[in-house]
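S.K.: Handing you this structure, nothing more for now.
The values are calculated or read from the model by the stated rules, or taken from the named source; none is laboratory data. What you are looking at is a predicted structure, and each value in this text was computed from that prediction instead of being measured. Every residue, glycine among them, receives a Cβ derived from its backbone with ideal geometry; neighbour counts consider all protein chains shown.
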Amino acid sequence: MLLGKACFDLQGFSLVAIFDAKGRLWHLQFGLHPAPVFLKRLKKKDFPWIIPPELLFSLKEALCQYFEQQAPFVSFPYFLLATSFERKVLQVVRQIPYGQVRTYRWVAQQLGQPGAVRAVGQALARNPLPLLFPCHRVIGKKDLGGFSAGILLKKRLLRGEGLLFDS
């Protein structure tokens, strides 16, 4: 059972965070509303607005450090609502170091499924925790690829990690 949802603005980013009663982060999404795919999986659209202040403070502190380029986003207690394949993809992506990028093909190869490039992209599009599992660090062979919160935000996240992309 979910405990609550918090919306807040942090350095120009509008973020939505959803926690469960155990204090685990289920969803952290950029934008005004959680991603529709996530809510469809969850099959619940109304959440109480009760979140322990220490959870919100801890999350805001981790986000501030990340966006101020002081540190990679820290590990945070989470619950990952994902398929088996999506979990495997996200675990590979989690290993990409701060300030570095890899391709969708590289992720597929790490899974031992070099032909699954599109499936990797689809799994990343459904990532409910994009800073814990930094899918913005995965790019296409010829371009930046996609990002569920939009390509402008992907560029901003990459620039924040010291990578510049003009494409």
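S.K.: Can you say whether residue 137 is modelled with pLDDT under 90 and either more than 17 Å from residue 15 (Cα to Cα) or touching a Leu at 6+ places or on another chain (Cβ under 9 Å) (or both), as far as the supplied structure shows? Let's see the steps before the verdict.
M.R.: Details: modelled with pLDDT under 90: no; either more than 17 Å from residue 15 (Cα to Cα) or touching a Leu at 6+ places or on another chain (Cβ under 9 Å) (or both): yes.
For residue 137, the condition - modelled with pLDDT under 90 and either more than 17 Å from residue 15 (Cα to Cα) or touching a Leu at 6+ places or on another chain (Cβ under 9 Å) (or both) - is not met.
S.K.: Within segment 144-167, how many residues turn out to be modelled with pLDDT under 85 and of a type in the set (Lys, Arg)?
M.R.: Within segment 144-167, residues that are modelled with pLDDT under 85 and of a type in the set (Lys, Arg) number 1.
Table: residues versus (1) under 24 Å from residue 64 (Cα atoms); (2) of a type in the set (S, T, N, Q); (3) in a loop (DSSP other than H, G, I, E, B); (4) in contact (Cβ under 8 Å) with a residue 40 or more places away in the chain.
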site: 106; (1), (2), (3), (4): no, no, no, no
site: 119; (1), (2), (3), (4): no, no, no, no
site: 128; (1), (2), (3), (4): yes, no, yes, yes
site: 152; (1), (2), (3), (4): yes, no, no, no
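S.K.: Looking only at segment 127-140, decide whether some residue is over 15 Å from residue 94 (Cα atoms) and out of contact with any Asp or Glu (no Cβ under 7 Å at 6 or more places or on another chain). Working first, answer last.
M.R.: Step one: filter segment 127-140 for residues over 15 Å from residue 94 (Cα atoms), giving 140.
Filter again for out of contact with any Asp or Glu (no Cβ under 7 Å at 6 or more places or on another chain), leaving 140.
Yes, there is a match, as at least one residue in segment 127-140 is over 15 Å from residue 94 (Cα atoms) and out of contact with any Asp or Glu (no Cβ under 7 Å at 6 or more places or on another chain).
S.K.: Could you please let me know if residue 81 is under 15 Å from the mean Cα position of the chain (by Cα) and assigned to a loop (DSSP other than H, G, I, E, B)?
M.R.: Spelling it out, residue 81 is indeed under 15 Å from the mean Cα position of the chain (by Cα) and assigned to a loop (DSSP other than H, G, I, E, B).
S.K.: Restricting attention to segment 77-135, which residues are under 30 Å from residue 21 (Cβ atoms), surrounded by fewer than 15 Cβ atoms within 10 Å (Cβ to Cβ) and charged (D, E, K, R)?
M.R.: Listed by number, the residues that qualify are 87, 94.
S.K.: Is it the case, given these coordinates, that residue 66 is in contact (Cβ under 8 Å) with a residue 60 or more places away in the chain and part of a helix (DSSP H, G or I)? Explain how you work it out, then say what you get.
M.R.: Numbers: in contact (Cβ under 8 Å) with a residue 60 or more places away in the chain: yes; part of a helix (DSSP H, G or I): yes.
Taking the combined requirement at face value, the residue satisfies it.
S.K.: Just to be sure before I move on: is residue 90 closer than 16 Å to residue 25 by Cα and either assigned by TED's automatic domain parsing to the domain that holds residue 149 or free of Cβ contacts under 8 Å to residues at least 12 places away in the same chain (or both) in the structure I sent? Spell out how you get there, then give the answer.
M.R.: Numbers: closer than 16 Å to residue 25 by Cα: yes; either assigned by TED's automatic domain parsing to the domain that holds residue 149 or free of Cβ contacts under 8 Å to residues at least 12 places away in the same chain (or both): yes.
Answer is yes for this residue.
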